[in-house]
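Report on the following structure.
The values are calculated or read from the model by the stated rules, or taken from the named source; none is laboratory data. Owing to the predicted nature of the structure, the values given are computational and were not obtained by experimental measurement. Because the Cβ atoms are built from the backbone with ideal geometry, glycine has one as well, and the counts that use them run over all protein chains shown. We work out accessible area using only protein heavy atoms, side chains counted, and drop any ligands, DNA or RNA first. Shrake-Rupley method; radii C 1.70, N 1.55, O 1.52, S 1.80 Å.
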Amino acid sequence: MNLVNRNLVTIDDLSNGEIEALFTLADGMANSLNNQAGLCQGKIMASLFFEPSTRTRLSFEAGMLRLGGRVITAVDIGASSLAKGESIADMAKVVGSYADIIVIRHPWEGAARVVADYAGVPVINAGDGSHQHPTQTLCDLYTIRRERQSVKGLRIALWGDLKHGRTIHSLIYALARFGATILFCPGPGLELPEHVLRRLNTEYRGELKKCGNLNQEPEQTLFPIDAIYITPGSPHQLAMLPDVSLRVELKAGVDALYVTRLQKERQAPTVEEQELKKSYPVVDKKLLRGKEFKKTLVMHPLPRVDELTHEVDADPRSMYFKQAAYGMPVRMALLALLLGAKEITIPEKKDSFVRKTDYPAYKRDAGVNCPNINCVSNQETEVRYIKPEFTIVSREPLILRCIYCEHELYPRYVASSDWHEGKLENKRYHSADSHFARKIKPENLIIFASENEAQAQQFKPSSYVRQ
Ligand code: CP
């Protein structure tokens, strides 16, 4: 099987079997990094990094050179024609005519998806705002697999800025897919976004167990923990037991502690950075003395700032420099596959990915926009050609998911485009949670951002509008 011409925009673009097969190829590359120069000769990779990067950019570029290919690069929006107001779509079409593959990092969520839609060559998302960083997830999973053989059944704690960390957002879905139990240890106010939690519950069949008070007993030494997410791969009976059993479960040990820095560049301007820094949880030697960390892999996507002390570097449990080093063979394997230089065999019975649900689409010329101001679909240069587009992920309650950044929207007012039946008085709008609204077929659904908008389009309130 080959992955030629595929994109990697989110981690769900690869199945579990494809990830496993990619890792087998990476194992081979890791053993002979200097003998791969024949694979991508004559190919050009465009490396577009519009946010700072050390590891991702340089491992992709060095990887392409080791594969015998060449690299063209742009690292500053201000030095590209984006600064003159060019759209991402136009840039993608042009760069796609110069290069055989594009690697893009951009501060807007969903930007990589737009590049993939327009480039005409394979596109790899190297991080789009707070959305996802799927190749970091590949490095993370590869590290766990090298150290522990399998992710299934492991207890993995995610630490720090779970709200803005794109490495967290792509890793969490992968961990759920591979059957890990996930523990959340966020900094104050930096909890996992509601839409990510909901998706874990609805699409990965996970169960969330809140245990926020576990760390309040003076005698216990557990690290701060907000919630446990239990995947189908873990014992379900845990979810039915009282909190005391969760404590027992945690004391059984944490297999990996995935630490992330405070993403200060993504905080709202109103948030006081000094306050956040003061209360941000730190991983140090003292914490790691706890029994629950005896065999813990200490992971970090890097760069680190103050959240992981340098004294941990000498500890054999520290994995973060290995994670960064594995970026080379993992990204080389990915480039070779997407450029058609290598083929893979998918291991039998390994393809257990919870398949993406085929939700109905919602796309109209006017009306609701994505609520995420950092979404590519809300940017001045992009609204000229991008129409807000959503999938309808739930009818009760009505929930739309932006196809670019995956943020969710909870509309309050809807109508049916099939309103008339020849009678103007039937042109009515309804509360989205009303019995009538739920009967509207997805293809007829019209969603309004407000009652004013509905009335501006000559719809009148029905008896199903709640005041
Ligand atoms: N982990 C990671 O993405 O590092 P860089 O920002 O240095 O690429």
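General remarks:
- Selection count where residues are within 12 Å of the ligand (Cβ to nearest atom) and either open to solvent by 10 Å² or more (accessible area, probe 1.4 Å) or of a type outside the set (Val, Ile, Thr) (or both), scope segment 129-155: 7
- Scanning segment 43-59 for residues that are more than 11 Å from the ligand (Cβ to nearest atom) and open to solvent by less than 30 Å² (accessible area, probe 1.4 Å) turns up Met45, Ala46, Ser47, Leu48, Phe50.
- Looking only at segment 413-444, and only at residues there that are assigned to a loop (DSSP other than H, G, I, E, B) and over 17 Å from Arg395 (Cβ atoms), the one that is most open to solvent (accessible area, probe 1.4 Å): Glu421
- When segment 1-37 is limited to residues that are within 13 Å of Ala333 (Cα to Cα) and acidic (Asp, Glu), the one that is modelled with the highest pLDDT turns out to be Asp27.
- Pair list, Cβ < 6 Å and 6+ apart or interchain, from segment 69-89 residues that are in contact (Cβ under 8 Å) with a residue 40 or more places away in the chain to residues that are assigned to a loop (DSSP other than H, G, I, E, B) and among the hydrophobic types (A, V, I, L, M, F, W, C): Gly69/Cys40
- Candidate set from segment 445-467 (those that are within 16 Å of Ile399 (Cα to Cα) and not aliphatic (A, V, I, L, M)); member that is least open to solvent (accessible area, probe 1.4 Å): Phe448
- Conditions (1) more than 15 Å from the ligand (Cβ to nearest atom); (2) part of a helix (DSSP H, G or I); (3) over 30 Å from His195 (Cβ atoms); (4) in contact (Cβ under 8 Å) with a residue 40 or more places away in the chain; number of the one not met by Ala62: (1)
- Conditions (1) of a type in the set (Val, Ile, Thr); (2) open to solvent by 20 Å² or more (accessible area, probe 1.4 Å); (3) part of a helix (DSSP H, G or I); number of the one not met by Ile19: (2)
- Test: residue in segment 90-112 that is touching an Asp or Glu at 6+ places or on another chain (Cβ under 9 Å), assigned to a loop (DSSP other than H, G, I, E, B) and within 16 Å of the ligand (Cβ to nearest atom): yes
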